[in-house]
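J.: Mind looking over this structure? Questions follow.
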Amino acid sequence: MQMLSKKAACDSHGQDSSYFLGWQEYEKNPYHEVQNPNGIIQMGLAENQLSFDLAESWLADNPDVLGLKRDGKSVFKELALFQDYHGMPTFKNELVEFMAKLRGYKVEFDPKKLVLVAGSTSANESLMFCLAESGEAFLLPTPYYPGFDRDLKWRTGVEIVPIHCSSSNDFKITGCALEDAYEQAKKLNLNVKGVLVTNPSNPLGTTMDRDELNLLIDFAITKKIHIVSDEIYSGTVFDSTSFVSIIEAVTDRNIHDTHELWKRIHMVYSLSKDLGLPGFRVGMIYSNDETVVAAATKMSSFGLVSSQTQFLLTNMLSDKKFTNKYIEENRKRLKSRKEMLVSGLSGAGIECLNSNACLFCWVDMRHLLSSDTFEAEKELSKRILFEVGLNISPGSSCHCSEPGWFRMCFANMSQETLKVAITRIKDFVESITSSRENCNHELTVLDSRRRSVSKWVLPLSPYDNNEPADR
């Protein structure tokens, strides 16, 4: 008799993905500049460590916040006692203000439409529970964040149908790709409930343009389905004018509360990437559907944001001088670090997709594959992990339809460590190039010898052919 549930016994969590396997090897042998200089450098973790000094400086200037004090008086008891799942109103007010600031105040957010949850993982899963039944489907453009196979599917039973995007147009969503995915879902007898996109994109590091957003909006209107826009990287956009939120896009189309699509627009956000606080587990759902907000609020009981976290961040976000400085400086540092990686890879003969956001680059290593197959990508990925000592995410783990693309993170390490990583990849590419040149040289010599032998063999052929007759 089975003593455990099917959920506990099955392997559908996705932990066996090549995305997570690299992490496991890294944990066995992590790089350290002094203690383990030959270890594996973690380039598979999209974490923003570039602006910690700004947050730490603010905390040093505001010791009462860490001491859980307000106006010099302790609020420990107030925070330690029971808090309901609606979240602190003051915190929600500061969050919507911060979200609007990141979007250039082109849109306004209503704190009543905001649900606080423990990170964007919880936010995305809660939305799936609210919008779809087990066995129904959401369409996702490829490549997409590998964790979605866990976040969206594992406990909800929701299926993911890929919208296959191509490098031929920089992986932009097209009308044909949307229709093909929808038809594929129908062939699989799956009822499509919506489309989920990450904007800015994980793993591409790009923002969706208005043509893509309008295409998505028209598709959702025609098919009568939901749009979920995961915008957890909105504060990492190097060029702030290039980012358009889904809320801004529908508002510009004069789609408001009287339009049928209005209640089918949902957004996910968190402070993990933009403020570099993944350990604080602050995520949120923003929805125009009050029933979704009510249901998701009840579900948030299973993963609340702690009171002391809300208190600390309320104070931090209310300091407008700090948030203005942080946003501007963080963007500058991310852009500089991204350019450092792109330049270093270019020096090794490796190009990246042109990007304007996020904490990583989408790297083209197709020319390093031994063949145009995912098996060759897997082989290359293993060599980079074990021989080069870099954990990067292979495109296949992101469901990319073309082998040879990889995601490389650059913001979770020091500048010195990134230099080491770039040097390692340059040396690796040089070794491959040298090996191929030697191989080509040997083939050229062999071919030359064959031709030389042929010069002697061919003249003898007529004699050899006549020899049996002479006998």
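J.: Return the pairs, sorted by first residue and then second, in which the second residue is assigned to a helix (DSSP H, G or I) and buried (at least 19 other Cβ atoms within 10 Å of the Cβ), the first residue lies in region 196-217 and is free of Cβ contacts under 8 Å to residues at least 40 places away in the same chain, the beta carbons are less than 6 Å apart, and the residues are 6+ apart or on different chains.
T.: L213/A249
J.: Take region 68-93 and flag every residue that is open to solvent by less than 60 Å² (accessible area, probe 1.4 Å), of a type in the set (D, E, K, R) and farther than 15 Å from M316 by Cα.
T.: Hits for region 68-93: nothing passes.
J.: Please work out which one of (1) over 19 Å from the mean Cα position of the chain (by Cα); (2) part of a helix (DSSP H, G or I) is the condition L304 fails and give its number.
T.: The failed condition is (2).
J.: Within region 175-201, which residues are open to solvent by less than 50 Å² (accessible area, probe 1.4 Å), part of a helix (DSSP H, G or I) and more than 20 Å from K153 (Cβ to Cβ)?
T.: G175, A177, L178
J.: Return the only residue of V65, V96, V115, V107 being touching a Gly at 6+ places or on another chain (Cβ under 9 Å) and open to solvent by less than 50 Å² (accessible area, probe 1.4 Å).
T.: V115
J.: For region 126-171: of the residues being at pLDDT below 95 and acidic (D, E), which is surrounded by the most Cβ atoms within 10 Å (Cβ to Cβ)?
T.: Here the answer is D151.
J.: Follow-up. Restricting to region 365-391, give me the number of residues that are outside any helix (DSSP H, G or I), of a type outside the set (S, T, N, Q) and either within 15 Å of I432 (Cβ to Cβ) or open to solvent by less than 10 Å² (accessible area, probe 1.4 Å) (or both).
T.: 4
J.: Still on this structure, I have one more. What pairs come out if I take residues in region 125-138 that are within 13 Å of R264 (Cβ to Cβ) and pair them with residues that are in a loop (DSSP other than H, G, I, E, B) whose C-beta lies under 8 Å away, six or more apart or interchain?
T.: Here the result reads A132/T156; A132/V158; F138/A132; F138/L152; F138/V158, each pair linking region 125-138 to a residue that is in a loop (DSSP other than H, G, I, E, B).
J.: For region 71-110, how many residues are assigned to a loop (DSSP other than H, G, I, E, B), within 21 Å of T251 (Cβ to Cβ) and in contact with a helix residue (DSSP H, G or I) (Cβ under 9 Å, 6 or more places away or on another chain)?
T.: Residues meeting the conditions: 7.
J.: Pull up region 57-70, narrow it to residues that are not in a helix (DSSP H, G or I) and not small (G, A, S), then point me to the one that is nearest to F302 (Cα to Cα).
T.: For region 57-70, the residue satisfying everything is L68.
J.: Report whether or not I227 is under 20 Å from D149 (Cα atoms) and assigned to a loop (DSSP other than H, G, I, E, B).
T.: no
J.: Then there is this: Failed condition for A296, given (1) free of Cβ contacts under 8 Å to residues at least 40 places away in the same chain; (2) in a helix (DSSP H, G or I); (3) open to solvent by less than 10 Å² (accessible area, probe 1.4 Å), with all others met?
T.: Evaluating A296 over (1) free of Cβ contacts under 8 Å to residues at least 40 places away in the same chain; (2) in a helix (DSSP H, G or I); (3) open to solvent by less than 10 Å² (accessible area, probe 1.4 Å) leaves (1) as the failure.
J.: Continuing with this model, one more query. Given the structure, is I217 β-branched (V, I, T), closer than 22 Å to Y19 by Cβ and modelled with pLDDT of 95 or more?
T.: no
J.: Answer yes or no: is there a residue in region 410-430 that is assigned to a loop (DSSP other than H, G, I, E, B), among the small types (G, A, S) and surrounded by fewer than 18 Cβ atoms within 10 Å (Cβ to Cβ). Working first, answer last.
T.: Going through region 410-430, the residues assigned to a loop (DSSP other than H, G, I, E, B) turn out to be 410-414.
Okay, now just the ones that are also among the small types (G, A, S), so 411, 414.
Checking the rest, the ones that are also surrounded by fewer than 18 Cβ atoms within 10 Å (Cβ to Cβ) come to 414.
Checked region 410-430: at least one residue is assigned to a loop (DSSP other than H, G, I, E, B), among the small types (G, A, S) and surrounded by fewer than 18 Cβ atoms within 10 Å (Cβ to Cβ).
J.: Next up: What's the total number of residues in region 40-55 that are crowded, with 16+ Cβ neighbours inside 10 Å and part of a loop (DSSP other than H, G, I, E, B)?
T.: 8
J.: Right, next: What residue, of I225, I173, I221, I232, is under 19 Å from the mean Cα position of the chain (by Cα) and free of Cβ contacts under 8 Å to residues at least 60 places away in the same chain?
T.: Going through I225, I173, I221, I232 in turn, the sole match is I173.
J.: Just checking, does region 301-309 include any residue being within 30 Å of K193 (Cα to Cα), in contact with a Leu (Cβ under 8 Å, 6 or more places away or on another chain) and in contact (Cβ under 8 Å) with a residue 24 or more places away in the chain?
T.: Start the filter on region 301-309 by keeping residues that are within 30 Å of K193 (Cα to Cα), which leaves 301-305.
Filter once more, keeping what is in contact with a Leu (Cβ under 8 Å, 6 or more places away or on another chain): 304-305.
Filter once more, so that each one left must be in contact (Cβ under 8 Å) with a residue 24 or more places away in the chain: 304-305.
Yes, region 301-309 contains a residue that is within 30 Å of K193 (Cα to Cα), in contact with a Leu (Cβ under 8 Å, 6 or more places away or on another chain) and in contact (Cβ under 8 Å) with a residue 24 or more places away in the chain.
J.: So V34 ticks every box in (1) part of a loop (DSSP other than H, G, I, E, B); (2) open to solvent by less than 80 Å² (accessible area, probe 1.4 Å) but one. Which box is left unticked?
T.: (2)
J.: Could we say that A118 is without any contact (Cβ under 8 Å) to a residue 60 or more places away in the chain, among the hydrophobic types (A, V, I, L, M, F, W, C) and more than 29 Å from A421 (Cα to Cα) here? Reasoning before the result, please.
T.: On the way: without any contact (Cβ under 8 Å) to a residue 60 or more places away in the chain: no; among the hydrophobic types (A, V, I, L, M, F, W, C): yes; more than 29 Å from A421 (Cα to Cα): yes.
Answer is no for this residue.
J.: Could you say whether any residue in region 262-275 is assigned to a loop (DSSP other than H, G, I, E, B), under 20 Å from the mean Cα position of the chain (by Cα) and acidic (D, E)? Spell out the reasoning first.
T.: If we filter region 262-275 for residues that are assigned to a loop (DSSP other than H, G, I, E, B), which is where we start, we get 271-275.
Adding the requirement that they be under 20 Å from the mean Cα position of the chain (by Cα) leaves 271-275.
If we keep only those that are acidic (D, E) as well, we get 274.
Checked region 262-275: at least one residue is assigned to a loop (DSSP other than H, G, I, E, B), under 20 Å from the mean Cα position of the chain (by Cα) and acidic (D, E).
J.: Taking the condition of being part of a loop (DSSP other than H, G, I, E, B) and within 24 Å of F406 (Cα to Cα), how many residues in region 123-151 meet it?
T.: So the answer is 6.
J.: Residues in region 202-245 that are more than 22 Å from K325 (Cβ to Cβ), surrounded by 20 or more Cβ atoms within 10 Å (Cβ to Cβ) and of a type in the set (S, T, Y): how many?
T.: Number satisfying all stated conditions: 4.
J.: Pairs, please: C-beta under 9 Å, at least 6 apart or cross-chain, first residue within 24 Å of K338 (Cβ to Cβ) and in region 28-45, second open to solvent by less than 10 Å² (accessible area, probe 1.4 Å) and of a type in the set (D, E, K, R)?
T.: M43/R407; G44/R407
The values are calculated or read from the model by the stated rules, or taken from the named source; none is laboratory data. These numbers come from a predicted model, not from an experiment. Note: ideal-geometry Cβ built from the backbone for every residue, glycine included; neighbour counts use all protein chains shown. Accessible surface areas use protein heavy atoms only, side chains included; no ligands, DNA or RNA. Shrake-Rupley method; radii C 1.70, N 1.55, O 1.52, S 1.80 Å.
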